[in-house]
Structure formats: C-alpha cells, structure tokens
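The values are calculated or read from the model by the stated rules, or taken from the named source; none is laboratory data. Source: prediction; values computed, not measured. As a convention, Cβ positions derive from the backbone with ideal geometry for all residues, glycine included, and neighbour counts pool all protein chains shown.
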Amino acid sequence: MAKTYSNYIDGKWVKSESGKTFDNINPATGEMLCRFQASTQKDVLKAVTAAEKAFAPWKNTPAPKRGEILYKAARIMEERKEELAKMLTQENGKNMDESRGEIQEGIDITLYVAGEGRRLFGETTPSELSNKFCMTIREPVGIIGMITPWNFPFAIPAWKIPPALVAGNCIVFKPSSDAPWLGARLVEILEEAGLPPGVLNMVTGSGGVVGKEIANNPKIDGLSFTGSTSTGKDIYAAGAARLAGVGLEMGGKNPQIVLKDADLDLAVDGAIWGGFGTAGQRCTATSRLIIEKAVLDKFTQKFVQRVRNIKVGNGLDKGVLTGPIINGKQKDKILAYIKIGKEEGAKLLTGGNALEEGKYGKGNFIEPTVFTNVKKTMTIAQEEIFGPVVSIMPVSDFEEAIEVANSTEYGLSASIYTNDVTKAFRAMRMLESGIVYVNAPTIGAEAHMPFGGIKNTGNGKREAGSEAIKEFTELKSIFVDYSGGLQRAQIDIGKK
Ligand code: UN1
C-alpha cells in the first residue's frame, strides 16, 4: 500500500489537523506513489512555534557541531543515492542519469556548506583609535521559511536547507505539492543525521494555504523561494511588509548563441542537452538558439535531425532523454505556447504535438519541438515556456546576437559557442545574466559557484558557492575598547 507521509514538526511526524491528504503522482504513468498531508494554517503555526523554541539552543550549538550533522547527512545521501534517484525519476520524470546528478548536487552542496561550520568567517580590522579592536561575526537570521519547486525536488531544498542550518537558523519548509517526496526524504535524512527537534520543520500542502502563511507569518524572519516570477513577486511583497529578508530564484529565457566560427557539433550537443534535458523544465533550460546566419542552415539541419531522434518516455527506461511534463496543467500551458508560436508566424520544424498513444497514454508527454524564424518580439521568444520547446533565432552578427540574447525580461543563464577569444570575453561582459557559459550549455551549475540571476529572474541574491551563507546570516560589527578610557570615534583620533 502506498505510504502516507506526515508533516514533520518539533521532531515528530504528525498528521495535519485537516485530516486530508493529497496524492503524489508519477507524471510518466499516472500511478499514485504516496500521499502527503493537505495542511492548514494551524499546522504552519505549530511549525513556527516549534522553530521558535528550537532557535536559541541551535544558535548556541557550536557551528562545527552543526556542520558535523551535515557531513553525516551527506554520507547517508551517498549510501542511498541510487534509491533516492529512482524515487526522483518516479515523482518528477527526469531520466535516471539526471536524477543521479541531482542527488549528487544535493550531496555536493551539503558537503560544501558542512565545511562552513569551521569557517563562517568574519573580519578583523584595525580601529581608528588606539587600544581598540574591531571585528565582524556572522549570526543566524532566525526562522527561515522555504518554498521550493517540483523541477529539482531534492537539489533545490538542499541548496537552501543545509546552508541555513549550518548558519544556525531554524526552518519551516514547504516542498512543492507536485513533487514533495524527495523533500520529505531529505528531511528524514537530516533527522537521522541527528538534527534536534524543531530545528527543521516540514509542512506540506497548497501554496494558497501553507505557502501563504509561511510568506506572511510575522515570526518568520527570512524567506527563500524558487519558482515563478509572479509568485516570487507576491512573496517579496509579503516579506517587505515586515522587512524580512527574501531570496528569490525565478524564471529564465536562456539563450545559447552560436557564432559562425563555433564547433557546430559541440554546439548541437549543448543545445540538445540544454533544451531537452529535464524536458526543458529547468529555470536554466535553453529556450532560444541564437544562430549567426552564416551557419544557420548547417546548424539547423544537424540540430533538427538530432531532435527527431530524441527518445521520449519514462525516465526509468534506458536511452530516454526527455521525460514527461510534470502535470496536465503544465502540459496544456506548453501546448498553448506552441499554438501561439504558430499563430504568430514562427515556423515549426519538428514536434509540436502531445504524445498520447500507447505507452504515453497515462502520462503527460510532448514531442521535442523546434521553431525557427522566431523574432525577438514573439511571445515564444519572450515568455518562459518551461517545456521541451526551443526557438531558433537567426542573427546577422555578434552584435545582433548579444542584442537578441538580452531582449527579454529575464537574466539567469546564457551561453555562447565560439572559438574567438575576443568575442567570448566580450560576451561574458555584455550578456545580461547571472551565469554565463562559454562552449557549454546553459544548464549544469556547480554547487561551489554562486547561482542566481538578474532582471526579473532574481532580487540581487545568490545561492550556493561563496554566497550560500550570506542569505542566511546577519553580520554583526563588534568594537572592543581596551584603553580603559572614553575614546570618541572620529574625534579622539591620534590620542593615546
Ligand atoms: C533550476 O532549474 O531551478 O544549473 C535549477 C542547472 C542545475 C540547477 C537548475 N544545476 O541546470
């Protein structure tokens, strides 16, 4: 029988007071995998109370000790990598290679920030006064509310939870209702690794009820969200009302530029992986291929031929690149974009249909789809589709390529394929995005590098890498005067 997961509050697995649950569905087969609590506002309040109670002892736990729990959690993840990857493919649909990669991404960030337990560096500086000492220390923000999406149900919670924990925060976590399983497994692992009760709490349920309470609860001191730009703006506004710090990772419309001198086979490999891996359901997915006209025909021919041979199906099956779309609503949304693309005059080169026959019947599948002659003002060149749909946009030269690449409201990831070192370096500076790849696809960020975007993709924050800790800490500036007398800053300078 399918398992029913409870909420995790104050170190206990407890049912929602609603008495209701919702199903976690495999998007490739329609099969019900397990059930989760359809929680209420009251459940969130209980989680907040637990977090409040746990905060002082956790904050006062030496940071290296907090880090040790994370090292242990990473070891458990390693032991369970294959089992977790399979569950991930079942609940999200991505293929097994990608699922293994995603679990590895969770392990990488956990190991990376576990080491912060012995760093969490501050600064020391000379004072302008004699016999006075200045330093900064990092302190936890308090209680952090985290709301995460379904497309990376393990790695994105792992980008947020371990860094917040090592810094001494307590957490109220809501995983996506479309893929809550791996989030719950992450919580179990952290519990097993020795996290004290109340430090991490998980409440599952809808964005409208659970997410809304997390965003608005005055006792939640910081918010961290990954998802759509429209929801992100609401969360930002909710946080602003009480001056809570908010970290947002939102949409993308990521371009891959291919210049005429590029290695075209390499560029095609990158475009296939960036555009159709995870069925295009990454915020970093390649959705625009900006191709210099001199190589347009050659590139297009090679690319379309490869796209036609992409194996679509259940991510558990060997050789599948493109898995299912997460749910029926997303599938309809993607199909609507394909229709708009045709209506606005883009030329459909391959794909464009839902796959519904035979083995595809019970899941949500769409053919890998390629449009060409896409103009920068078209809807499919502007809005995030979040599906296996890629637009080819021909350009005359490097300057136009950059201009087209920058012509959307988003700025997450951008890539350029060229062997011209001058143009590569110019592009690194000119591309309006938080992440730039040279001769590599727009997907595949690494845990020890800051991740995030500009324009409508983000709000100036970065996750992972050297920035991972910043979102979850406050700096405290400390002055110690050991002169034995009153020394007035800016005034008694130079006196003994
Ligand atoms: C996302 O799509 O929300 O760089 C995150 C990448 C992955 C993370 C993507 N490491 O594609």
* Asked: When both residues are 6+ apart or on different chains and their Cβ atoms are under 8 Å apart, which pairs have a first residue that lies in the range 92-106 and is in the same structural domain as Asn24 (by TED's automatic domain parsing) and away from the ligand (no atom under 13 Å from the Cβ), and a second that is part of a helix (DSSP H, G or I) and of a type in the set (Val, Ile, Thr)?
  -> Asn95/Thr89; Met96/Thr89
* To do: Considering only the range 328-395, give the strands (runs of 3 or more DSSP E) lying wholly within it that have at least 1 residues that are at pLDDT 95 or above and surrounded by fewer than 18 Cβ atoms within 10 Å (Cβ to Cβ).
  => 347-350
* Asked: Given the conditions (1) more than 12 Å from the ligand (Cβ to nearest atom); (2) in contact (Cβ under 8 Å) with a residue 60 or more places away in the chain, which single one is not true for Thr457?
  -> (1)
* Six or more apart or on different chains, Cβ under 6 Å: which pairs go from a residue in the range 187-203 that's crowded, with 19+ Cβ neighbours inside 10 Å to one that's of a type in the set (Ser, Thr, Tyr) and in a loop (DSSP other than H, G, I, E, B)? Could you list them? => Val203/Ser39
* Condition met for Lys253 (of a type in the set (Lys, Arg), more than 16 Å from the ligand (Cβ to nearest atom) and modelled with pLDDT of 95 or more) -> no
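Residues that are crowded, with 18+ Cβ neighbours inside 10 Å: find the strands (runs of 3 or more DSSP E) completely inside the range 1-56 holding 2 or more of those. Reasoning before the result, please.
On the way: elements: 7-9, 12-14, 21-25, 32-37.
So the answer is 7-9, 21-25, 32-37.
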* Could you check, for the range 427-443, whether at least one of its residues is touching a Leu at 6+ places or on another chain (Cβ under 9 Å) and assigned to a strand (DSSP E or B)? => yes
* **Conditions (1) at pLDDT 95 or above; (2) more than 16 Å from the ligand (Cβ to nearest atom); (3) within 21 Å of the chain's Cα centre (by Cα); (4) not assigned by TED's automatic domain parsing to the domain that holds Asp261; number of the one not met by Glu409** => (4)
* Asked: When Leu355 is evaluated against the numbered criteria (1) touching a residue at least 60 places away in the same chain (Cβ under 8 Å); (2) in contact with a strand residue (DSSP E or B) (Cβ under 7 Å, 6 or more places away or on another chain), which criterion, by number, is the only one it fails?
  -> (1)
* Asked: Can you name the residue in the range 212-238 that is part of a helix (DSSP H, G or I), in contact with a Phe, Trp or Tyr (Cβ under 9 Å, 6 or more places away or on another chain) and of a type in the set (Gly, Ala, Ser) and is also farthest from Cys283 (Cα to Cα) among such residues?
  -> Ala215
* **Which numbered condition Gly205 fails, given (1) at pLDDT 95 or above; (2) closer than 24 Å to Ser177 by Cα; (3) within 16 Å of the ligand (Cβ to nearest atom)** => (3)
* Mind telling me which of the residues Lys342, Lys318 ends up being charged (D, E, K, R) and more than 30 Å from Glu292 (Cβ to Cβ)? => Lys318
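Tell me whether the range 161-171 contains one or more residues that are within 16 Å of the ligand (Cβ to nearest atom), of a type outside the set (A, V, I, L, M) and modelled with pLDDT of 95 or more. Spell out the reasoning first.
Going through the range 161-171, the residues within 16 Å of the ligand (Cβ to nearest atom) turn out to be 161-163.
Filter once more, keeping what is of a type outside the set (A, V, I, L, M): 162-163.
Right, trim to modelled with pLDDT of 95 or more and you get 162-163.
Looking through the range 161-171, at least one residue is within 16 Å of the ligand (Cβ to nearest atom), of a type outside the set (A, V, I, L, M) and modelled with pLDDT of 95 or more.
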* To do: Considering (1) surrounded by fewer than 23 Cβ atoms within 10 Å (Cβ to Cβ); (2) without any contact (Cβ under 8 Å) to a residue 60 or more places away in the chain; (3) assigned to a helix (DSSP H, G or I), say which one Ala85 fails and leave the rest.
  => (1)
* Please specify each residue of the range 462-486 satisfying the condition of being in a loop (DSSP other than H, G, I, E, B) and either surrounded by fewer than 18 Cβ atoms within 10 Å (Cβ to Cβ) or without any contact (Cβ under 8 Å) to a residue 60 or more places away in the chain (or both). => Arg462, Tyr482, Ser483, Gly484, Gly485, Leu486
